[in-house]
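I have placed the structure first, in the form of structure tokens, so that the comments after it can refer back to it.
The values are calculated or read from the model by the stated rules, or taken from the named source; none is laboratory data. What you see is a predicted model, and the numbers here were worked out from it, not measured in a lab. Every residue, glycine as well, gets a Cβ built from its backbone with ideal geometry; the counts of neighbours run over all protein chains shown. When the accessible area is computed, the model is the full protein with side chains, heavy atoms only, and any ligands, DNA or RNA have been set aside. Shrake-Rupley method; radii C 1.70, N 1.55, O 1.52, S 1.80 Å.
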Amino acid sequence: MHKTNNYINKFKKLSFRKKAGIITILALLIWYLFCLPSTLFDTPYSTLVSDQKGELLGARISEDGQWRFPPTDSLPSKYKTCVIQFEDRGFQYHPGVNPFSIARAFVQNIKARKIVSGGSTITMQTVRLMRNEKRTYFEKSIELIWATRLELTYSKNSILALYASHAPMGGNVVGIDAASWRYFGHDATSLSWAEAATLAVLPNAPSLMHFGRNRDALVSKRNRLLSRLHDKQIITETDYELALSEPLPNHPHALPQLAPHLVTQIYLQQPGQHVQTTIQKSLQMQTEDVLNRWNGEFSQNGIHNLAALVVDLQSNEVLAYSGNVQFDKNKAGSQVDIIQSFRSTGSILKPFLYCAMLQEGVMLPGELLPDVPINIGGFSPKNFSLQYDGAVHADEALARSLNVPSVVSLRRYGVPKFHQFLQKVGLSSLRKSSEHYGLSLILGGAEATLWEIANGFGLMARTVSSYNSDQTYPTTEDFTFTTVSRSEKSNSSASPVFNAGAAWLTLDALTNLNRPEELDWQSIPSMRKVAWKTGTSYGFRDAWAVGVTPRYLVAVWTGNASGEGRPGLTGARTSAQVMFDLFNLLPSTGWFDVPYNELTETPICRESGLLQGAYCPESSIDTLLIPHKGLQGNTCFYHKRIHLSQDGQYQVYQQCAGERGIMPVSWFVLPPSWAWYYKQQHPDYRSLPSFSPECLSGSRGQPMQFIYPYANAKLKLPKQLDGSPGKAIFELAHHQPSATVYWHLDNEYLGETSDVHQMELSPKRGEHRVTVVDEEGNALAIDFKVE
């Protein structure tokens, strides 16, 4: 403290001129220390996207229209040698300024009576590129000062890299990396001696790089540098001769154009950055080849767009990303990234409903579901084939993508509940309320992206693999396509979305996909075991296919970005074929192990798919795996105990069996409307025998059921072409088709039917009632309204 006071007192005693001098020196010193800007180059850069090995996939030009790649940290040794030998041979030794070079330049300029040499070092040229100011003596002095300051802060290698990244290379090309691609068609690490020498001399006179003129001047300049390298024995005689014989490029090279939609997406999100992705370049090229080949075939039917996603489920990384085809031709919606576009889901959401119902015990894997014409509040879904099975097992209904059983299942599970479940799966595109979607949610009434759908299937597959690996459940994180650490992107859920047991059963059901309108995939020799699902939106506008194995996921969309539908545009006949071609590019894998701890073995009735009931025959019982909550499910109620005469011809009761005798049997009984369709597909189905004549008065149960119309249905009957009133065909199912049924409309007798119970009616506008009575006196009525 005492010394400080002494210094202050001495300073006070100094003259004004000395004080001003000291302050000026201090100010200049402070300015010198802080003269460099925090950001050395305030210039926009091109956006670069590379694959997992650093190979360039594509790029987007910078905001100012220059091909200026982001600065590199390292330089190829050949270029480094060339640029030092040409620009600044004392670069490694001077402090940013070379007095001898400046003196030599001064003498040369005096003799020439004009500026022919600047004497600038590489460091000074770097400063000039940073400042980008008009060249004057004052600016030269600033460059001298900044150059020394730059040397104090940055290493020689860093300064050289800055120079190489910002040096003008002719036209709108800036920097060694951009120039290497534009002029030679490869990255800077592969530069030959001739190419490195060309790029080293270009910043000195960038206008020489013109594909129509100045060729000889540039070659001469390059060769003089090569000669110097040869004279100094930096390159061998052979390298020298080869370099001299190497011609200049004849035309600019186009930059790689792989995964262009992904490149565009990264450009919009991280402009001016060099982003390394998880893409495998070779697989990306193969994927695009497959898509282009199929696009050539589909386009003959007016189907112009195709997208695909290939994912490694072990790492959750995207290996190939093809948002569309024909990007470079800029036609028919090819610029649209379909992977991120909202499209009608069709049937692609059905596996999520199946899995949700299994894991909550609402349904058993093979439970029998109705497949008959239905009408729910005016909503009348139909199967793709326009046919009905009457009743079908839930896993088969999923594999065949039947619409009616899916709608019945959704009604049972609850639309709000399923809507919430899908959002938990990751379908953030479901932004409207569940009431808006209604039961059509399961048939394409909502929109989602291929990215979301694929992530949902991927999470289901990862759930099984993760649980089998270490009894844990994965976090609900999206696929990643960049090398950003996963912890920065994860969105862990408090509870798992999928139960491993239910997910395994769902994937197992999806290996049996074999719909009647589809090709016989299992007959294809190259077929591998894949859990896959297709979807087709209303009007044949969107065709989906998603498949998973324990290691890989492939998702494909086919259609028109404009939304135009085309005949034959179904998931099975377009996207699925592409999907299996893409799977054939991938290594074969095993199959998912069974997560036994999340499943339980229990007796299941083979015919009903329900838990074993009291009257299920032992011969129809299988011991199957079901989720633990499935034990809360229904026991079989389709197998009923009935009593037959000893000859098995009639149903009887104890009190009226008489001489016919009586024996108890188990009988598989479906509701009449189910049975009417079911036995068309299952000829072995046996209808209940009629009651013996002695027991007719005591028979119970309703043997009839209307197939069409539905209770309280609203019918629209347009007039015929000849102007006559419109007609509707009413249809009835009876346990005994041969029975005679008598038809009445509003108490007016219409006629009778036998075997085929159909009646053509032409009721007037208003409310009506149809009543039917069979020969045994059983009656059934239904109300409807004609609008």
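Counting Lys +1, Arg +1, Asp -1, Glu -1, what net charge surrounds ALA448 among other residues with beta carbon under 12 Å of its beta carbon? Local charge sum for ALA448: -1.
Using a cut-off of 31 Å between Cα atoms, the listed pairs LYS331/LYS424; LYS80/LYS329; LYS382/LYS727; LYS281/LYS432 include LYS331/LYS424; LYS80/LYS329; LYS281/LYS432 as exceeding that distance. Rounded to the nearest 20 debye, the dipole magnitude of the chain is 5920 debye, with +1 charges on Lys and Arg beta carbons, -1 on Asp and Glu beta carbons, and the Cα centre as origin. Cut-off 17 Å, label point 7 angstrom out along Cα-to-Cβ of SER495: give me the residues of region 358-396 whose amide nitrogen falls inside. Zone members listed by number: 358-363. Rounded to the nearest 5, the antiparallel percentage of DSSP beta bridges internal to the chain is 90%. Here region 221-285 is treated with +1 on each Lys and Arg Cβ and -1 on each Asp and Glu Cβ, and its dipole about the Cα centre works out to around 240 debye. Pairs from the list LYS350/LYS679; LYS134/LYS232; LYS629/LYS714 with a Cα-Cα gap above 30 Å: LYS134/LYS232; LYS629/LYS714. The fraction of accessible area contributed by carbon and sulfur in the chain is 51 percent, rounded to a whole number (1.4 Å probe; ligands and nucleic acids excluded).
Each Lys or Arg adds one and each Asp or Glu takes one away; over the other residues whose Cβ falls under 12 Å from the Cβ of ALA307, this sums to -2. Helix 403-413 and the longest principal axis of the C-alpha atoms of the chain enclose an angle of approximately 90°.
Remark: the GLU776-LYS432 segment gains 118.6 nm on full extension, using 0.36 nm per residue and subtracting the alpha carbon distance.
Between the alpha-carbon centers of region 153-211 and region 732-787, tell me the distance in whole angstrom. A separation of 89 Å, based on Cα centres. Note on the chain: percent of Cα-Cα distances in each 10 Å bin, starting at 0 and stopping at the bin with the largest distance, equals 2, 11, 16, 15, 13, 12, 9, 7, 5, 4, 3, 2, 1, 0, 0.
Label separation (TYR538 vs ILE145): 7.4 nm, computed from points 7 Å beyond Cα along the C-beta direction. Highest mean packing comes first when the peptides 564-576, 396-408 are listed by Cβ atoms within 10 Å, giving 396-408, 564-576.
To the nearest 10 degrees, how steeply does helix 450-470 sit against the main Cα axis of the chain, on a 0 to 90 scale? Roughly 80 degrees, rounded to the nearest 10. Once the Cα atoms are used to define both axes, helix 281-298 deviates from the longest principal axis of the chain by about 50 degrees.
Distance between the C-alpha centres of region 365-428 and region 548-615: 16 Å, rounded to the whole angstrom.
What are the aspartates and glutamates whose alpha-carbon lies under 16 Å from the alpha-carbon of LYS533, with same-chain residues fewer than 8 places away excluded? Within the straight-line limit of under 16 Å, LYS533 reaches these aspartates and glutamates: ASP395, GLU396, GLU452, ASP508, GLU517, GLU518, ASP520, ASP542, ASP581. Proximity of backbone amide H atoms, modeled 1.01 Å from N, is registered between ILE235 and HIS230 at under 5 Å, excluding neighbours fewer than 5 places apart on the same chain.
Computed over protein heavy atoms with a 1.4 Å probe, the accessible surface of the chain works out to 48 Å² per residue.
Each Lys and Arg contributes +1 and each Asp and Glu -1, all at the Cβ; summed about the Cα centre of region 639-782, the dipole is approximately 640 debye.
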